Amino acid sequence: MRRVFILDGYIDEPTCLGVPPYISPYPRYIAGAAWDFDPQIQIIYATIDQIRNKTSLLDVADKSDILVVIAGMAVPGRYLSGYPVSPHELLRYLSSISKPIKLLCGPAARYGFGMSGGRSVTETQVVQHIFDIIATGDAELIVFNLLKNKLNKDAVDPSLCRSNPQMIQHFAVKGARIVTQHPFFPQYLITEIETYRGCSRSVTGGCSFCSEPIKGAPSFRMIDEICSEVAALYTAGIRHLRLGNQPCIFSYMAHGAGEEEFPRPNPEALEHLFKGVRMAAPDARTLHIDNANPGIIARYPEECKKIAKSIIRYHTPGDVAAFGVESVDPVVIQKNNLKATAEEVYQAIRLLNEVGSQRGANGLPELLPGLNFVFGLDGETKNTFALDYAFLKKIYDDQLLLRRINLRQVIPLPGTRMSQTGEKNIRKHKAVFQQFKRTVRETIERPMLQRLLPKGTLLKGVYAETYEGKLTFARQLGSYPLLVGIPGIHPLHQFYNVKIVEYGYRSLTAVPFPLDVNTAPRETLEALPGVGKKRAIRILAKRPFTTFTGLINALDDPTVASTIKEYIQAD
Ligand code: SF4
């Protein structure tokens, strides 16, 4: 029996995320292709973190017939539960593996390894000699052909791409069950779902830094095809989904896509899509979206209002429409063919605030915009930073809400216009960028967070992922989850409801709710409003308490007692 080993080194692309807790479509489609060829094939899936922790898994990989490595970061990201594989790790882990045909796919195969924003990619050539195939095309088709051609690697075309979305339909459904092998399955795994590939702005070349236009005009998957994949994932046990694998969810099935740069959105298609997904996954605990083009929303406000309402009808709260703003400087917009002017972005922000700012059951507003800025683009001057800041300040002063502001430096990807100039641009404004970031954090992001989630707000279902010192870090599952620091050591890999007590620049401090003062660690007690070190020690010395009155008596100040009442488990 043939054996295929899929090593997920994680991918992060402009339109697709596959870093835990996300699993991208890559491993699912690849597994589906192998099972479509032969349902008996043994497929083993492992993440790079599993290999890092247990290198003996490489012996299993060495006994396989095909080893597929998925890798590449094409956009800069910050991660908590896993970090994309580096070329050096691949050299270290895979050099001695000899039996299987080794295939590299993902952005690393197409553009090289992006390591962080502002740094050039490490070229694929660095690892080329340890692979038999560098799959610049669609890995699932290449794996299928490899199996069909009895593992004759010379008989397959590594640049083979699908010509229509129907080509992956069987693969998407058949490969869904590979998710059960992910170490985060089932409770903390979110599946990225593709609705289409390609960008409508490819007709004008697209944004200067982006790799998406290389994929051409939009090629939409049919609603029933997406829903049958969702149903297969749901049957496999998945309860968290994100329709995030496309450049703009508001442009799904848009009229004139492929001919027009800003096609007219199709609210009926979006209503059917979200209704269908919800029916296929009735008890999904997360159903979120990702990217949205503010230029589309500003041009077609009525259609987009309807679409936002459809999304809210079927999704789960805490959802984010990530707007690729990149810059509001007209010079930068023009030189880089960006998608929206400052005024258009502002209109789009206002529209989503009108439709989506009400608070949902998990404590977060239903659907809000997040803004992505990219620095190091052509035409950038010191004035760019001033204009971007003034824009953010206006949003804040106008009482609008943003779920996040992401300030990144461009990764100069080969094949994009930025590959020539990106690094030079970044060097020029390195210090200005750092200063700008600090100012935005202090004067916009932190106060925005306070407005978004006032102290005492109950956030439901944050999942404890890791520790740093005596702080437990947790996040909700979904699009752009806020980082929550819970003072004290609390058991990992569990969900908590928490109440907010303090703010970082981009994170929250919160305590589990309701807090059991009889068992809470000292650091957690200290974090309660008005408690601090001395009172926490007093509580520790006098617990256990059997009544709230006992706790009041233990504290020296009745005002503090009444303040913390809303955080603790009374009696
Ligand atoms: S609109 Fe620009 S950033 Fe978005 S996918 Fe298209 S080219 Fe890329």
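Read-outs: derived from the displayed coordinates by stated rules, not from any lab. Predicted, not measured: the structure shown is a model, and the values here were computed from it. All Cβ positions, glycine included, derive from the backbone under ideal geometry; neighbour counts span all protein chains shown.
Which aspartates and glutamates have a Cα lying under 14 Å from the Cα of residue 306, excluding residues fewer than 8 positions away in the same chain?
Cα-Cα hits under 14 Å: 268, 271, 354.
Just grab the label-to-label distance for residue 552 and residue 167, each label 7 Å out from Cα along the Cβ direction, in nm (one decimal).
7.2 nm
Could you work out the Kirkwood radius for segment 3-165, taking every pair of different alpha carbons, averaging 1/r and inverting it, reported in Å?
Result for segment 3-165 stands at 15.6 Å.
Suppose we take every Cα in segment 405-517 and form the convex hull; what volume per residue is that in Å³?
Residue-normalised Cα hull volume stands at 139 Å³.
Can you give me the C-alpha center-to-center distance between segment 20-90 and segment 164-217, rounded to a whole angstrom?
16 Å
Could I have the simple spin-label model distance between residue 398 and residue 533, label points 7 Å from Cα toward Cβ, reported in nm to one decimal?
In this crude label model, residue 398 to residue 533 measures out at 4.6 nm.
Order of 161, 16, 227 from fewest to most other C-beta atoms within 10 Å?
161, 227, 16
If you average the sequence gap of Cα pairs under 8 Å that are 6 or more apart and divide by the length of the chain, what percent do you get for the contact order?
11 percent
Can you tell me the 0 to 90 degree angle between the C-alpha axis of helix 382-397 and the longest principal axis of the chain, rounded to 10?
Once rounded, the angle reads 50 degrees.
Work out, step by step, the length gained on full extension between residue 180 and residue 566: first 0.36 nm times the residue separation, then minus their alpha carbon distance; give nm to one decimal.
135.0 nm
Rounded to the nearest 500, what is the chain's calculated 222 nm mean residue ellipticity when only DSSP H runs of at least 4 contribute -39500 (n - 2.57) each, over all residues?
Dividing the helical sum by the residues of the chain leaves -10000 deg cm²/dmol.
By how many nm would the segment from residue 541 to residue 386 lengthen if fully extended, with 0.36 nm per residue of separation less the alpha-carbon distance?
Difference between extended and current length: 50.5 nm.
Based only on other Cβ atoms within 10 Å, what is the fewest-to-most ordering of 288, 255?
Exposure proxy ranking, most exposed first: 255, 288.
Starting from a Cα-only point model with no solvent, please compute log10 I(q)/I(0) by Debye for the chain at q = 0.07, 0.10 1/Å.
-0.43, -0.87
State the antiparallel share, in %, of DSSP beta bridges confined to segment 478-522, rounding to the nearest 5.
60 percent
Between their Cα atoms, which of 305/460; 54/99; 455/565; 335/394 are more than 22 Å away from each other?
305/460; 335/394, as the Cα separations exceed 22 Å there.
Starting from the Cα-Cα distance between residue 55 and residue 260, subtract it from 0.36 nm times their residue separation and give me the gain in nm to one decimal.
Difference between extended and current length: 68.8 nm.
Enter the angle in degrees (range 0 to 90, nearest 10) between the Cα long axis of helix 25-37 and the first principal axis of the Cα atoms of the chain, meaning the one along which they spread out most.
With rounding to tens, the tilt is 40 degrees.
If you plug each phi of segment 552-559 into the Karplus form 6.51 cos²θ - 1.76 cosθ + 1.60 with θ = phi - 60°, what whole-Hz ³J(HN,Hα) values come out, in order, with x for Gly and Pro?
Whole-Hz 3J(HN,Hα) from phi for segment 552-559: 4, 5, 6, 8, 7, 9, x, 5.
If you wrap a convex hull around the alpha carbons of segment 458-567, what volume per residue comes out, as a whole number of Å³?
In segment 458-567, the Cα convex hull volume per residue is 98 Å³.
Quickly work out the residue 128-to-residue 63 label distance, labels modelled 7 Å from Cα along the C-beta direction, and quote it in nm with one decimal.
In this crude spin-label approximation the distance works out to 3.4 nm.
Please report 90, 377 as a ranked list, fewest other C-beta atoms within 10 angstrom at the top and most at the bottom.
In order of increasing Cβ crowding within 10 Å: 90, 377.
Throw me the Rg/Rh for segment 181-287, computed over C-alpha atoms with Kirkwood Rh, two decimals.
1.03
Between the helical axis of 532-542 and the dominant principal axis of the chain, each derived from Cα atoms, what acute angle in degrees is found, rounded to the nearest 10?
70 degrees
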